[in-house]
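Let me begin by presenting the structure, written as structure tokens, before commenting on it.
The values are calculated or read from the model by the stated rules, or taken from the named source; none is laboratory data. The structure displayed is predicted, hence computed values, not measured ones. Every residue, glycine as well, gets a Cβ built from its backbone with ideal geometry; the counts of neighbours run over all protein chains shown.
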Amino acid sequence: MVSIQQFAQRWKKLTVWLVAGLVTSWIVSCSTGNVSSNNKQTTSNTGGIEFWTMQLKPQFTDYFQNLIVNFESQNPGIKVNWVDVPWSEMENKILTAVSAKTPPDVVNLNPGFASQLAGRNAWLDLDAKVPNDVRSSYLENIWKASTLNGKSFGIPWYLTTRLTIYNTDLLKQSGINKVPSTYTELAEAAEKIKVKTGKYAFFATFVPQDSAEVLESFVQMGVTLVDGEGKAGFNSSQGKAAFQYWVDLYKKGLLPKEVTTQGHRRAIDLYQAGDTAFLASGAEFLKAIAKNAPKIAEVSATAPQITGETGKKNVAVMNVVIPKESKNPDAALKFALFLTNDANQLAFAKKANVLPSTNKALADTYFKDVPANASTLEKARVMSAGELKTAEVLIPAFKDFNILQKAIYENLQAAMLGEKTVDKAVEDAASEWNNR
């Protein structure tokens with residue numbers, strides 16, 4: 001699993017990622033045990049399992065230690081060895097472990113990256129393993145996020161939906177009385193903010209392999225990224241309009257120049273410095289703003305996420321997968337389902353300020369009711385949970401997503417910088433994808 005702040009920062013990245021985040025509020029230092037073949041041999045010989053998370057120590061050490069004690073007491077004979085892996089090392093570690101056929105038994109990833117290995121048949125097929133009544137306890141659209149070619153490869157864990165965090169002072173200075181709800185309104189607000197304050201409305205990165213937020217905006221604008229035959233579906237009037245939208249913002253000076261070179265971290269820095277009016281992020285990030293930029297936090301509020309003509313809204317998913325080479329797949333599945341059951345999802349969601357992926361946990365009053373004197377964070381939590389009713393994973397897991405994102409972002413950059421026309425940029429991006 002991710003550090004909650006890193007999940008916040010990178011949750012939109014659906015590939016080799018992230019998080020995400022999803023995306024969030026704490027910078028964690030991690031003390032991680034080394035993953036070794038000796039360690040793996042110990043757990044397999046004792047009927048135990050090895051469980052990997054991403055940089056959750058020390059913030060959630062007590063939570064996981066208690067969860068593991070409870071699981072072991074209910075399942076005598078199964079011991080859980082929890083290994084917390086630094087965020088930056090997870091991809092290499094799991095790739096190496098899977099290739100060497102010495103993987104852990106349960107791993108926290110995200111659907112985008114996990115799907116790449118699902119395409120290599122690395123994970124246990126869950127369709128025959130998880131009973132229908134158990135599967136139906138999870139939000140239906142969220143379960144689908146961890147499927148590839150009709151097969152389930154992951155179990156949903158926690159979620160975040162994107163909200164619009166905004167600086168009320170900058171909007172007031174710009175004469176904006178209504179928070180933008182669509183990309184069209186966002187462009188209009190961007191012009192007013194630049195004219196009145198000299199500042200930018202927001203920052204969106206066009207760096208390949210960073211955030212997929214811009215690519216998700218295409219879907220929200222009605223663009224089909226890949227058609228039913230696996231060919232580029234964005235070489236269309238809708239695709240060209242989406243390209244044109246971002247090109248126009250850049251050429252009009254309504255986006256910072258560094259959008260072509262810097263990632264989502266820059267969006268966070270600019271907002272916390274008071275240099276942008278809007279930040280697309282999860283509700284949980286409000287804690288980070290309060291800690292890092294208390295004056296900005298005082299004038300911050302939240303609104304539903306910005307969308308396009310489709311009205312679609314995004315949700316970011318974190319899941320758990322079970323490697324096919326697990327020495328104890330049955331025990332691993334028991335633990336994965338225990339980790340993600342209603343009670344444990346609700347407990348973790350409250351502790352980490354994220355959203356659960358089971359119907360019963362999400363129905364808890366914690367996600368529905370706020371006191372009359374509710375804080376901005378409490379209001380945002382309920383707003384975020386409310387978005388789950390219609391939110392979806394805008395870019396389902398599919399093979400070679402990273403190639404698609406690179407082709408679109410690099411050609412979109414070329415159009416923004418005047419090196420290509422929009423038509424040529426779209427055509428070249430489509431050719432790169434189709435000829436991959």
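List of remarks:
- Search result, residues across the stretch 84-106 that are hydrophobic (A, V, I, L, M, F, W, C) and surrounded by fewer than 19 Cβ atoms within 10 Å (Cβ to Cβ): L95, A100
- Condition broken by V130, with the remaining ones in (1) under 21 Å from the mean Cα position of the chain (by Cα); (2) part of a loop (DSSP other than H, G, I, E, B) satisfied: (1)
- Any hit, the stretch 229-244, residues being part of a helix (DSSP H, G or I), crowded, with 17+ Cβ neighbours inside 10 Å, on the phi < 0 side of the Ramachandran plot and touching an Asp or Glu at 6+ places or on another chain (Cβ under 7 Å): yes
- Residue check for A301: surrounded by fewer than 18 Cβ atoms within 10 Å (Cβ to Cβ) and either assigned to a strand (DSSP E or B) or touching a Leu at 6+ places or on another chain (Cβ under 9 Å) (or both): yes
- Odd one out for K379, checked against (1) crowded, with 23+ Cβ neighbours inside 10 Å; (2) in contact with a strand residue (DSSP E or B) (Cβ under 9 Å, 6 or more places away or on another chain); (3) not in a loop (DSSP other than H, G, I, E, B): (1)
- For W52, the test of being assigned by TED's automatic domain parsing to the domain that holds T358, surrounded by 15 or more Cβ atoms within 10 Å (Cβ to Cβ) and either out of contact with any helix residue (DSSP H, G or I) (no Cβ under 8 Å at 6 or more places or on another chain) or within 20 Å of F348 (Cβ to Cβ) (or both) is passed.
- Residue satisfying condition, being in contact with a helix residue (DSSP H, G or I) (Cβ under 9 Å, 6 or more places away or on another chain), among the aromatic types (F, W, Y) and not in a helix (DSSP H, G or I), within set F218, F206: F206
- For first residues located in the stretch 418-436 and closer than 14 Å to L404 by Cβ, partners that are of a type outside the set (A, V, I, L, M, F, W, C) and surrounded by fewer than 17 Cβ atoms within 10 Å (Cβ to Cβ) and lie 6+ apart or on another chain with Cβ distances below 6 Å form the pairs N434/K231.
- Residue match in the stretch 357-372 (condition: outside any loop (DSSP other than H, G, I, E, B) and either basic (K, R) or closer than 30 Å to T260 by Cβ (or both)): yes
- Search result, residues across the stretch 260-292 that are of a type in the set (S, T, N, Q) and part of a loop (DSSP other than H, G, I, E, B): T261, Q262
- Filtered residues of the stretch 65-82 (kept if touching a strand residue (DSSP E or B) at 6+ places or on another chain (Cβ under 6 Å) and either in a helix (DSSP H, G or I) or over 22 Å from N341 (Cβ atoms) (or both)): I68
- Sole residue being closer than 27 Å to S384 by Cα, at pLDDT 95 or above and of a type in the set (D, E, K, R), chosen from E213, E140, E188: E188
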